[in-house]
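S.K.: I have a structure I would like to understand better, so I am pasting it below and will then ask my questions one at a time.
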Amino acid sequence: MILFGLSFAEREFMIEPKNFYRKLDSLLTTIGKEKTGKNFLFTILKAIEQNFSADLYISNGRIYEETGDEFVLVKRPGMSKTARATASIAADSEAVQLLLKYGSYIYDDPALSIDAEISRQAEYTIPAAFTVVRSPSERWIVVFELKAGWVREEIEFCMNAVRAALNYRLFSDAVKSGLEQAAHIQNSLLPQAPPQIKGYEIAGRSQSAELVGGDLFDYFPYSNEMFGVSLGDASGHGLPAALLVRDVVTGLRMGLEEQMKMVHTLKKLNRVIHRSTYSTRFVSLFYGEIESNGHVIYANAGHPSPLLIRGQEVTELKPTGIILGALPELSIHRSLANFEPGAVLVMFSDGIFERNNSEGEAFGLERLQSLIIEHQEKSAAELLEIIFKTVFEFGDDAKWEDDATLVVIKRLPS
């Protein structure tokens, strides 16, 4: 029996999630760093096939460039003259219009195909495609062949991630002159000083790897009885991530209120991010509300677990849902923690614990946890300085390769 495309409900992920995300992160990094020259899209096409061919059952990628009223096949370097591929596709065809509407599309309906040559093969093969847009006048279509065994959610997730990253890379290259203005806007969105909350000390800082960054943090001083805090990390670096940060900060400030609406706000924000065209499309986010009595109510959308430390006792505020933007609808819930007098809560982005030294060794979560335990008696501002200084020196005082953000909250002894 031939195994065709299955839905997530019919079959669990075939790919081990950690390995899949590692490969995807590596690919997105390549998109962010590779020179956008003549063969840029073909380089990424090759990387997709090398990383995901076996896992996602994809092969034989091809690129079509918009020329007038059709999309014309671009000859791939080393492409065989006998390769089966439609030479051109009408821009007003139903197949293309569906693709332009949704950004990506799997053509599993036999009556509809963007590349008829694919469906004529002897074995089960169907097309899947996504769009790449630099501007309204510069558009490409990337088409892959899907073999039997593909899983819809895996294909859609990967295509949408790559599509968003490519769109933003090309878009950001086109607007480099606006980077300084973007940096000014971003700096104005981040808090310039922590709020003064009775019974607590608060300190925060964000260090960008580039002129503009993809990390964020914010404070929400609702009343004398409760305040909120957020810390997030948008995928990628530079302008694409910075624009997503702007959207997230603005969305949180508009949506959050004291009446426990964090889950509703995060779900709504997820839908906005998922629909975004010029966006890196993914952001991990921790948001917590801290009451004067030490009760903590939080939601963690795929962000590294903040550490709540008192003495040798360590509580991790683990994720309660996946990252924002990955899927159209977000499944996330609130969780609780107890912030006792004398305890310290440290929130951070992965740029802190993933910083490497000259030998390629990462600072790591264990080293970070030990550092906090050792200096937990310091003030929030002092502890923040110690962590930043220690991590920076661990990386041989080299330039930050990733955005690094810290928020330290200390509950004062009664």
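The values are calculated or read from the model by the stated rules, or taken from the named source; none is laboratory data. Everything numeric in this text was worked out from a predicted model, so none of it was measured. Backbone-built Cβ (ideal geometry, glycine too); neighbour counts: all protein chains shown.
S.K.: Looking only at region 364-392, which residues are under 20 Å from Phe339 (Cβ atoms), among the charged types (D, E, K, R) and crowded, with 16+ Cβ neighbours inside 10 Å?
M.R.: Lys378
S.K.: For region 132-149, indicate whether the set of residues that are under 22 Å from Arg271 (Cα atoms) and surrounded by 18 or more Cβ atoms within 10 Å (Cβ to Cβ) is non-empty.
M.R.: yes
S.K.: If the requirement is being more than 19 Å from Asp215 (Cβ to Cβ), part of a strand (DSSP E or B) and at pLDDT 95 or above, which of these qualifies: Lys378, Lys410?
M.R.: Among Lys378, Lys410, only Lys410 is more than 19 Å from Asp215 (Cβ to Cβ), part of a strand (DSSP E or B) and at pLDDT 95 or above.
S.K.: Taking the stated definitions as given, is Ala193 free of Cβ contacts under 8 Å to residues at least 12 places away in the same chain and more than 20 Å from Leu324 (Cα to Cα)?
M.R.: Spelling it out, Ala193 is indeed free of Cβ contacts under 8 Å to residues at least 12 places away in the same chain and more than 20 Å from Leu324 (Cα to Cα).
S.K.: Considering only region 25-55, how many residues are farther than 24 Å from Thr125 by Cβ and either touching a Cys at 6+ places or on another chain (Cβ under 8 Å) or among the small types (Gly, Ala, Ser) (or both)?
M.R.: Here the count works out to 3.
S.K.: Among the β-branched types (Val, Ile, Thr) and touching a residue at least 60 places away in the same chain (Cβ under 8 Å): is that true of Ile290 in this structure? Explain how you work it out, then say what you get.
M.R.: Numbers: among the β-branched types (Val, Ile, Thr): yes; touching a residue at least 60 places away in the same chain (Cβ under 8 Å): yes.
So Ile290 passes the test.
S.K.: Counting just the residues of region 347-363 that are under 23 Å from Pro194 (Cα atoms) and touching an Asp or Glu at 6+ places or on another chain (Cβ under 7 Å), which one comes out surrounded by the fewest Cβ atoms within 10 Å (Cβ to Cβ)?
M.R.: Asp350
S.K.: In region 336-375, what residues are in a loop (DSSP other than H, G, I, E, B) and charged (D, E, K, R)? Spell out how you get there, then give the answer.
M.R.: Start the filter on region 336-375 by keeping residues that are in a loop (DSSP other than H, G, I, E, B), which leaves 339-343, 349, 354-355, 357-361, 363-364, 375.
Correct list: Glu340, Glu354, Arg355, Glu359, Glu361.
S.K.: Modelled with pLDDT under 90 and either closer than 18 Å to Lys23 by Cβ or among the small types (Gly, Ala, Ser) (or both): does that describe Ala111?
M.R.: Yes; evaluated as a whole, the condition is true for this residue.
S.K.: So, one more: So for region 38-61 (the condition being more than 20 Å from Cys158 (Cβ to Cβ) and either in the same structural domain as Ala165 (by TED's automatic domain parsing) or buried (at least 19 other Cβ atoms within 10 Å of the Cβ) (or both)), does at least one residue qualify?
M.R.: Checking region 38-61: at least one residue is more than 20 Å from Cys158 (Cβ to Cβ) and either in the same structural domain as Ala165 (by TED's automatic domain parsing) or buried (at least 19 other Cβ atoms within 10 Å of the Cβ) (or both).
S.K.: If you don't mind, another one. Taking region 395-412 on its own, how many of its residues are without any contact (Cβ under 8 Å) to a residue 60 or more places away in the chain and buried (at least 17 other Cβ atoms within 10 Å of the Cβ)?
M.R.: 1
S.K.: Still on this structure: What number goes with the only condition from (1) at pLDDT below 90; (2) over 21 Å from the mean Cα position of the chain (by Cα); (3) outside any loop (DSSP other than H, G, I, E, B) that Ser223 does not pass?
M.R.: (3)
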